[in-house]
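My structure is below; once you've seen it, I'll send some questions.
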Amino acid sequence: SKESKTMINLLKFLLKVRSSQKSPKLNSSSGMTMIELLVGTVIAFIIITPLMGMVIGLLNDDSREQAKATTDEEINSALQYISDDISQATYIYDKKGITALLNQGANAIIPAATADSTPILVFVKRTLVENAIPPGNTTTVGTCNPGLKSDDAKNANCDDAFVLSLVAYYLETPPKPTNSNPDPFCPNDGGDCPARITRFEIQDGVKNISQNYVCGETNTNPPVPACNDNSQKRDDGFPKSINTSSITTLNSLVRETGENINLATNPIQVLVNYIDISTLNIPATATCNVVLGVTTPEKLTERGFPNAAAANIAMLRTTPSNSFYACVDSHANVAQIYLRGNALRRIQKDANYSPNSPALFPTATMQMRGLSTFGSQ
């Protein structure tokens, strides 16, 4: 390098000056001369400088590898969590279905989409509530306590129950934190917050075999007691009845009159952080009808699509970053989920996607099927 050549020229000059001086007597007891000390310093500098550069390079490489490994692990763990969650789905909404839900406006059953938050995956699922209901056709909640397990002697006479839940996964790009509004998931480096995937859920209340709520409802006939546990109670805004025989009805679910979504008892939870939000030079989305096998005229007609292009548009739910998107075939209750993380954002603020470093933007995909059906016990 230019600096190394300069140091070598300086060393040659010093050696020339040193050789032109009269040699000291052999019996001299004097220490190192200033020239000798300076020569030693220059030699040490020439040796240490490239070593320091190599060490710094190794440390940077190690930091990148750790960020990549952590992000890759988190992406795959999130995908597995979503897979386990959706395995109990009775109905998965495609793009058309999610749009229909959001079009309910103030009565929408899920939090509305905003410039910073977009629902990507929405489905209805069955949720197990342990120790939820006394056996038999009764509306008396008695001593049942879902906080205790089924084998607890105090609750040996209580049965488990299934309730319906509505789950929504969002891609969220939060604003920069402030002193008055801190964000524990956003790195304090002055850059924009990385995107994240969040999860929202509301559920129905526990009902007996006559489909009457066993607790927690008001103005019922006969009256029911308060619930011992929130897992038995219907969440605010969840419809009291769902027509499971009609997809049209499912796509037009609205909140109960006069009720709002309670984000205090049903908060939006962060599932995974450091999702990429780049929009330039990013990978394109998959062709949904192809990956889900809806390509033949028979299958297109069965699902009400006039052609393959229309099918792809209806099945694909994404954002401009294509970092978290879903291909959904509601008819078959199948979804293909895609995730792309941003490991570089962990070590560099406002890092954007680079096609030359795809390893720093780990991706994962998985096909999932809802295995539940309405009316099953």
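For the condition of a type in the set (Lys, Arg) and either under 24 Å from the mean Cα position of the chain (by Cα) or under 23 Å from TYR81 (Cα atoms) (or both), what is the one hit in ARG303, ARG345?
ARG345
Among residues belonging to the range 331-358 that are assigned to a strand (DSSP E or B) and not polar (S, T, N, Q), point out the one that is surrounded by the most Cβ atoms within 10 Å (Cβ to Cβ).
Per the stated criteria, the residue is GLY341.
Conditions: (1) within 30 Å of GLU302 (Cβ to Cβ); (2) modelled with pLDDT of 95 or more; (3) crowded, with 19+ Cβ neighbours inside 10 Å. MET366 meets all but one. Number of the miss?
The number of the failed condition is (3).
Within the bounds of the range 278-291, is there any residue that is assigned to a strand (DSSP E or B) and within 27 Å of CYS193 (Cα to Cα)?
no
This table checks each residue for (1) crowded, with 18+ Cβ neighbours inside 10 Å; (2) in a strand (DSSP E or B).
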site: PRO223; (1), (2): no, no
site: SER231; (1), (2): yes, no
site: ASN260; (1), (2): no, no
site: ASN273; (1), (2): yes, yes
site: THR295; (1), (2): no, no
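So, one more: Suppose the filter is in contact with a Gly (Cβ under 9 Å, 6 or more places away or on another chain) and either without any contact (Cβ under 8 Å) to a residue 12 or more places away in the chain or of a type in the set (Lys, Arg) (or both); does ARG345 pass it?
So ARG345 passes the test.
Same structure again: Given the conditions (1) surrounded by 11 or more Cβ atoms within 10 Å (Cβ to Cβ); (2) aliphatic (A, V, I, L, M); (3) at pLDDT below 90, and given that MET54 satisfies all but one, which numbered condition is not satisfied?
(1)
Here's the yes/no breakdown for (1) modelled with pLDDT under 75; (2) of a type in the set (S, T, N, Q); (3) part of a loop (DSSP other than H, G, I, E, B):
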| position | (1), (2), (3) |
| --- | --- |
| THR118 | no, yes, no |
| GLU130 | no, no, no |
| THR139 | yes, yes, yes |
| LYS149 | yes, no, yes |
| ASP160 | no, no, no |
| PRO175 | no, no, yes |
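Working only within the range 44-91, note down all residues that are small (Gly, Ala, Ser) and part of a helix (DSSP H, G or I).
If the condition is that a residue be small (Gly, Ala, Ser) and part of a helix (DSSP H, G or I), then ALA44, GLY53, GLY57, SER63, ALA67, ALA69, SER77, ALA78, SER83 are the ones that fit.
Listed here are the residues, each with its yes/no results for (1) under 17 Å from PHE162 (Cβ atoms); (2) modelled with pLDDT under 85; (3) in contact with a Leu (Cβ under 9 Å, 6 or more places away or on another chain).
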| position | (1), (2), (3) |
| --- | --- |
| GLU217 | no, no, no |
| ASP236 | no, no, no |
| SER241 | yes, yes, no |
| THR249 | no, yes, no |
| SER252 | no, yes, yes |
| ILE261 | no, no, no |
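Let me ask another. Pick from the range 291-329 the residues that are free of Cβ contacts under 8 Å to residues at least 40 places away in the same chain and of a type in the set (S, T, N, Q): which of them is nearest to ALA168 (Cα to Cα)?
So the residue we want is ASN312.
Okay, moving on. Going through the range 92-114 one residue at a time, which ones are among the aliphatic types (A, V, I, L, M), within 19 Å of the chain's Cα centre (by Cα) and either farther than 28 Å from ASN342 by Cβ or not in a helix (DSSP H, G or I) (or both)?
Listed by number, the residues that qualify are ILE92, ILE110, ALA112, ALA113.
State all residues of the range 66-92 that are over 27 Å from HIS331 (Cα atoms), surrounded by fewer than 15 Cβ atoms within 10 Å (Cβ to Cβ) and not polar (S, T, N, Q); if no residue qualifies, say none.
Within the range 66-92, ALA69, GLU73 meet the criteria.
The values are calculated or read from the model by the stated rules, or taken from the named source; none is laboratory data. These numbers were taken from a predicted model, which means no experiment stands behind them. When we count neighbours, we look across all protein chains shown, and the Cβ atoms used for this are built from the backbone with ideal geometry, even at glycine.
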